[in-house]
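Asker: First, the structure itself, so that you have it in front of you.
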Amino acid sequence: MHCHHTDHNYTRRDFLTRTSLGLGALTLGSFLSPGKIFANAHSSGSGIMKGTHFPAKAKRVIYLFQSGAPSQMDLFDHKPVLQNMTGEELPDSIRQGQRLTGMTAGQGTFPIVGSPFQFKQYGESGMWMSELMPHTAKLVDELCFVKSMYTEAINHDPAVTFIQTGSQFPGRPSTGAWLSYGLGSDNENLPSFVVLVTKDKYGQPLYARSWGNGFLPSEHQGVKFRAGRNPVLYLSNPPGVTPDARKDQLDQLRQLQEIQYNEFEDPEIKARIAQYEMAFRMQTSVPEIMDIESEPESIFKMYGEDARKPGTFAANCLLARRLAEKGVKYIQLFHQGWDHHGNLKAGIVQQCKETDQASAALIKDLKQRGMLEDTLVIWGGEFGRTSYSQGNLYSDGWGRDHHPRCFTLFMAGAGVKKGFSYGSTDDFSYNIAENPVHIHDFNATLLHLLGVDHERLTYKFQGRRFRLTDVHGHVVRDILA
């Protein structure tokens, strides 16, 4: 009876490598996804694409995400008909039996409610804007509005997941992760994808999958910076540990992980090494970024007094500009609190007070530094709101329900037309009248501005090639400058 020794870690790749002088391994490699083969190339700071597919208009993106869904007809989508018909029933010919949320599906009536806020035209473009956003209104000739956005999701979690990852289902990479994977980083001392969430704001929950890496190597997930002395958890050395001791520790750890990688060839091991090394470099770069005391008084006057308070939306807008200056490619701000099912009048006033001045200041600040021409700024939420009232219209507590059929966002900067409005809705801001823009179209356009063909940036996972825009989407060329 013979006892055969079996190496349980011996793989098909090992077999092919040791057969016919390794030619089998080359054959196997030709069948593998290029993303898998070169997945560990990102630790050097370069993306899998090794450059853009075509010349890019934008070098970086700052996305001011308004979580909870701002009401388009109270901010940007001026509808005088709603004013004239307030209290009347929304016509069935407009609603068309469309799906409703569980919060208003049981309502016996759907009374129209016009905006309680005044609208005026601004700038040479004559763009209509609400009185709620006076600072942004002064910049309309810099802005590109898309008033015909639509989505397939009717509730917050799937809608946020959809606009951030291209799917309503968890598990897909976020936009920033795709860009990190494809284009890499422009600064080896900072992540290519940074997330800033307004402190002490409440509303619909935000989950880390909104800036997650999904099935991409984990080094591409967004790095969340917190307010305060320790913006990145566990980044600082504990008491008694010197920088030299930490570097020696990381060198020893790297050697151990290299041994593990050589045995198992798991690309996540390489990703983990890259993350450790990035964290070590960030010990110097992050405190420098977060130290805003060096900013002149004029900057705080521009962004507003809240910019002095760490974790506010204004402070995060200022940090976004500082991160952009240092070469961070994708900077995402999340500001909660826009979910106004009730008490809309008071709630939306407060939200605009917190965001309007800082949003406008960021655009002005980038422009005065010559950065707006290669920075794309995006402002918007996950869907829109209904033109009918949720709750009793004749009380101060009325609100607006979720509405996926149309909503508005705006952009400024690299590659988009200035003082331009694309698409339109019907008189009730309920259905799109012309030029619909799906979430996949929007993401395809965003990637295009960064020099990426959305159909060519793919990753093979579980037997199929995935991309941010799934199997849909086209570039909205009419908004390109």
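Here, each number is a calculation from the coordinates, and none is a lab measurement. This one's a predicted model, so the numbers in the text were calculated from it and none came from an experiment. Glycine also receives a Cβ, built like all others from the backbone with ideal geometry; neighbour counts cover every protein chain displayed.
Asker: For region 225-262, which chymotrypsin sites (Phe, Trp or Tyr not before Pro) are in a loop by DSSP, counting at most 15 other Cβ atoms within 10 Å?
Answerer: 234
Asker: Counting alpha carbon pairs within less than 8 Å and at least 6 residues apart, what relative contact order, in whole percent, applies to the chain?
Answerer: Normalised by residue count, the contact order of the chain is 27 percent.
Asker: How high is the relative contact order of region 369-481, given as a whole-number percent (alpha carbon pairs under 8 Å, six or more residues apart)?
Answerer: Rounded, it is 23 percent for region 369-481.
Asker: Take the alpha carbon gyration tensor of region 185-293, find the square roots of its eigenvalues, order them as a ≥ b ≥ c, and report rounded if a/c is under 1.5; if not, report prolate when a/b exceeds b/c, else oblate.
Answerer: Verdict is oblate for region 185-293.
Asker: Between residue 343 and residue 435, what FRET efficiency follows from the Cβ-Cβ distance if R0 is 30 Å, with the result rounded to 0.05?
Answerer: The calculated FRET efficiency here is 0.35.
Asker: Return the distance in nm (one decimal) between the two label points of a simple spin-label model at residue 288 and residue 262, each offset 7 Å from Cα along Cα→Cβ.
Answerer: Computed distance between label sites residue 288 and residue 262 equals 3.5 nm.
Asker: Counting only DSSP beta bridges with both residues in the chain, tell me the antiparallel percent, nearest 5.
Answerer: Looking only at bridges with both residues in the chain, the antiparallel portion is about 50 percent.
Asker: List the lysines whose Cα sits under 27 Å from the Cα of residue 120, skipping any in the same chain fewer than 8 residues away.
Answerer: Within the straight-line limit of under 27 Å, residue 120 reaches these lysines: 79, 138, 147, 301, 345, 353, 364, 367, 417, 418.
Asker: Right, something else. Counting only the backbone N, which residues of region 328-368 are under 14 Å from the spot 7 Å out from the Cα of residue 453 toward its beta-carbon?
Answerer: none
Asker: Taking loop as defined by DSSP and a crowding limit of 12 other beta carbons within 10 Å, which chymotrypsin sites (Phe, Trp or Tyr not before Pro) in region 316-416 fit?
Answerer: 394
Asker: If R0 is 60 Å, what FRET efficiency do you get for residue 52 and residue 88 from their C-beta distance, rounded to 0.05?
Answerer: Computed FRET efficiency for residue 52 and residue 88: 0.70.
Asker: Given a Förster radius of 22 Å and the C-beta distance between residue 393 and residue 101 as r, what FRET efficiency does 1/(1 + (r/R0)^6) yield to the nearest 0.05?
Answerer: 0.80
Asker: Within the chain, what's the longest run with no trypsin sites (Lys or Arg not before Pro) in a DSSP loop and at most 10 other beta-carbon atoms within 10 Å? Give the range, please.
Answerer: No qualifying site falls inside 230-481, the longest such stretch.
Asker: Counting helices only, and only those DSSP H runs with n ≥ 4, report the 222 nm mean residue ellipticity of the chain as the sum of -39,500 (n - 2.57) divided by its residues, in deg cm²/dmol to the nearest 500.
Answerer: Roughly -9500 deg cm²/dmol at 222 nm, from the helical runs in the chain.
Asker: Something else: So what's the angle, to the nearest 10 degrees on a 0 to 90 scale, between helix 156-165 and the longest Cα principal axis of the chain?
Answerer: 50 degrees
Asker: In debye, nearest 20: dipole of the chain around its Cα centre with unit charges on the Cβ of K, R (+) and D, E (-)?
Answerer: 680 debye
Asker: Report, to the nearest 10°, how far helix 243-264 tilts away from the longest principal axis of the Cα atoms in the chain, using its own Cα long axis and a range of 0 to 90°.
Answerer: Taking Cα atoms only, the helix is inclined about 70 degrees.
Asker: Under 19 Å from the Cα of residue 224, which lysines turn up, not counting those fewer than eight places away in the same chain?
Answerer: 199, 201, 309, 326, 329
Asker: Would you list which aspartates and glutamates come within 15 Å of residue 270, measuring only between C-alpha atoms, while excluding same-chain residues fewer than 8 positions from it?
Answerer: Within the straight-line cut-off, residue 270 pairs with 219, 251, 258.
Asker: Determine ³J(HN,Hα), in whole Hz, for all residues of region 67-84 in sequence, where each value follows from phi through the Karplus function 6.51 cos²θ - 1.76 cosθ + 1.60 and θ = phi - 60°; x replaces Gly and Pro.
Answerer: For region 67-84, the Karplus curve yields 6, x, 5, x, 7, 5, 7, 9, 10, 10, 9, 5, 10, x, 4, 5, 4, 6 Hz.
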